[in-house]
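Comments concern the structure below.
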Amino acid sequence: MNPIRAIRGMNDILPQDSYLWQHLEKVCSDLLDAYGYREIRLPVVEQTQLFSRAIGEVTDIVEKEMYSFEDRNGDGLTLRPEGTAGCVRAFNQHGMAGTQQKLWYAGPMFRHERPQLGRQRQFHQVGVEVFGTASADVEAELIVLCARLWRSLGLDSAVTLELNSLGSNEDRARYREALVAYLSEHRDQLDEDSQRRLDSNPLRILDSKSEQTQALLAEAPSLPDFLDEESQAHFAQLTALLDAAGVSYRLNPRLVRGLDYYNRTVFEWVTDALGAQGTVCAGGRYDGLVEQLGGKPNPAAGFAMGLERLVLLMQELKVAPAAPGQADVYLVAVGEGAALAGFALGESLRDSLPGLRLQVHSGGGSFKSQMKKADRSGAQLALVLGENELAERTVGFKPLRGGEQRSVSQDALEEELKHFFEHEEH
RNA sequence: GUGGCCGUAGCUCAUCAGGUAGAGCACCGGAUUGUGGCUCCGGAGGUGGGGGGUUCGAGACCCCUCGGCCACCCCA
């Protein structure tokens with residue numbers, strides 16, 4: 001019989017890596033907490049309609065990447081391909097309209113794409129959203145928060161910020177028209193993909209990788225020229241705030257996002273250390289989305305970061321913290337009586353020293369094989385219990401990383417352990 | 001979804017004009033009685049991703065399929 005394998009593009013995260021994920025998640029949640037953001041936990045499955053309305057009917061995500069299915073009631077459901085839509089839905093559903101909300105969430109997202117480095121079918125994001133505030137200090141805070149996160153993780157040297165404004169919906173519509181008019185005249189000079197996008201999603205042509213297309217775009221109408229006064233002022237305020245905070249950025253008038261709901265500010269944190277999947281974090285303002293999903297008009301902005309990519313980047317840059325050992329103390333017990341006593345001793349140590357990372361050997365075996373496991377656990381100390389110790393009510397106290405084994409009475413063990421690890425701290 | 005490269009023990013790889021597979025690491029055990037890390041010895045572990053075809057005979061050749069990597073596309 002063939003062994004069952006995981007679904008393509010849906011990977012296990014093994015213990016040798018999970019500690020890194022935990023580290024990343026902890027740094028994120030601590031930082032968000034420090035900025036006053038609160039966690040919201042959202043379902044992984046939503047009505048299909050939520051995503052087609054939020055992300056845009058003609059986007060690739062909706063057209064060909066969603067995991068959609070009918071449930072037993074015949075309802076059309078979809079595994080969330082991104083987090084913002086569900087977050088907006090919750091915002092509306094729970095009557096948060098009119099209040100300022102600073103929220104974050106983390107969890108798996110699903111897109112049926114061809115897997116490659118930094119791109120899985122089940123991948124993980126941390127998303128951050130701010131509802132109810134229209135001013136640019138919101139985007140500035142989101143960006144500054146990211147910058148601090150990169151510093152905490154040791155990634156700041158490898159990521160750069162790209163920034164642009166899409167203007168108002170009207171600005172964007174006028175620009176779109178002008179761009180289509182210009183490109184249509186030169187349609188035959190566009191690459192194949194761009195020709196297709198000319199009808200479906202013309203703004204995406206701006207970040208085409210085709211040299212020929214890029215050459216053509218040099219002469220094309222430029223998005224910043226189409227911004228109305230308000231959008232210009234908004235963008236100016238944002239850059240002033242970033243300058244004041246000392247966050248550097250690169251203005252990229254070609255930067256557009258793949259999801260339809262953005263307006264005004266869009267930004268991306270990119271790296272060249274990860275091959276083709278260079279975007280590690282991206283977001284922007286989406287003032288129209290709340291209303292679009294049936295709520296009262298409510299300004300909003302947010303971003304999401306890809307955790308797989310951040311983990312890869314930490315590994316690539318070798319800024320990942322070292323993997324912790326399985327235990328600090330490993331208790332070895334040989335013989336039936338000793339195994340029994342050792343098991344009880346382990347529990348009593350856990351009572352008296354709750355923070356102690358103690359592994360009690362299980363599975364029996366010789367001193368030799370148990371000691372071998374003690375060593376491989378990464379423990380600093382082995383506690384050895386055999387017939388002799390049992391008879392004397394002592395325990396062998398053996399430092400594994402230098403030092404001599406000595407015998408310690410079981411009554412004094414707690415104090416000896418405290419003493420040992422106080423010195424280990426340094 | 002498209003294109004290129006690839007798929008041999010848990011991992012990294014080797015072998016051979018096509019004649020039914022090895023090494024290192026890891027794992028388990030041993031090297032005088034109850035003790036790890038170094039060394040030495042031994043053991044276990046592969047229907048050669050899966051299926052079909054060519055052949056007297058295929059892991060090696062052909063096809064399909066599944067999977068991996070890279071790029072496109074897309075995006076975090």
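Classified by the C-alpha gyration tensor, the range A:266-346 has an oblate form. Its axis ratio a/c, with a ≥ b ≥ c, is 1.5 or above, and a/b does not exceed b/c. Electrostatic bookkeeping for residue A:157 treats Lys and Arg as +1 and Asp and Glu as -1; over the other residues with beta carbon under 14 Å from its beta carbon, the sum is -1. For A:311, A:334, the ranking by accessible surface with the largest value first comes to A:334, A:311, using a 1.4 Å probe. Taken along its three principal axes, the alpha carbon spread of chain A comes to 94, 59, 47 Å, from the longest extent down to the shortest. With contacts taken as Cα pairs under 8 Å and at least 6 residues apart, the range A:329-418 reaches a relative contact order of 31 percent.
Considering Cα pairs under 8 angstrom that are at least six residues apart, work out the relative contact order of chain A and quote it in whole percent. Walk me through the numbers on the way to the answer.
Numbers: 705 pairs, mean separation 64.7, N = 426.
After rounding, I find 15 percent.
Accessible surface for residue A:69 stands near 90 Å², nearest 10, in the context of the full protein assembly shown (1.4 Å probe). Quick one: pull the percent of accessible area on chain A belonging to carbon and sulfur, 1.4 Å probe, ligands and nucleic acids left out. Carbon with sulfur: 48 percent of the solvent-accessible area.
Stokes-Einstein, applied to the Kirkwood radius of the range A:233-296 over Cα pairs at a viscosity of 1.002 mPa s and 20 °C, places its translational diffusion at 156 µm² s⁻¹. Cross-link pairs exceeding 27 Å in C-alpha to C-alpha distance, out of A:102/A:296; A:64/A:209; A:26/A:372, comprise A:26/A:372. Net charge in the neighbourhood of residue A:210 (other residues with Cβ under 10 Å of its Cβ; Lys, Arg +1, Asp, Glu -1) is -3. Note on residue A:419: accessible area is roughly 100 Å² with a 1.4 Å probe, heavy atoms of protein only.
What accessible area per residue, rounded to a whole number of Å², is obtained for chain A using a probe radius of 1.4 Å? Don't skip to the end; give the middle numbers.
On the way: 21760 Å² over 426 residues.
About 51 Å² of surface per residue is accessible.
Karplus-derived 3J(HN,Hα) values for the range A:144-156, using 6.51 cos²θ - 1.76 cosθ + 1.60 with θ = phi - 60°, are 5, 5, 4, 4, 5, 4, 4, 5, 4, 8, x, 9, 4 Hz; glycine and proline are entered as x.
The values are calculated or read from the model by the stated rules, or taken from the named source; none is laboratory data. This one's a predicted model, so the numbers in the text were calculated from it and none came from an experiment. Every residue, glycine as well, gets a Cβ built from its backbone with ideal geometry; the counts of neighbours run over all protein chains shown. For accessibility, only protein heavy atoms count, side chains too; no ligands or nucleic acids. Shrake-Rupley method; radii C 1.70, N 1.55, O 1.52, S 1.80 Å.
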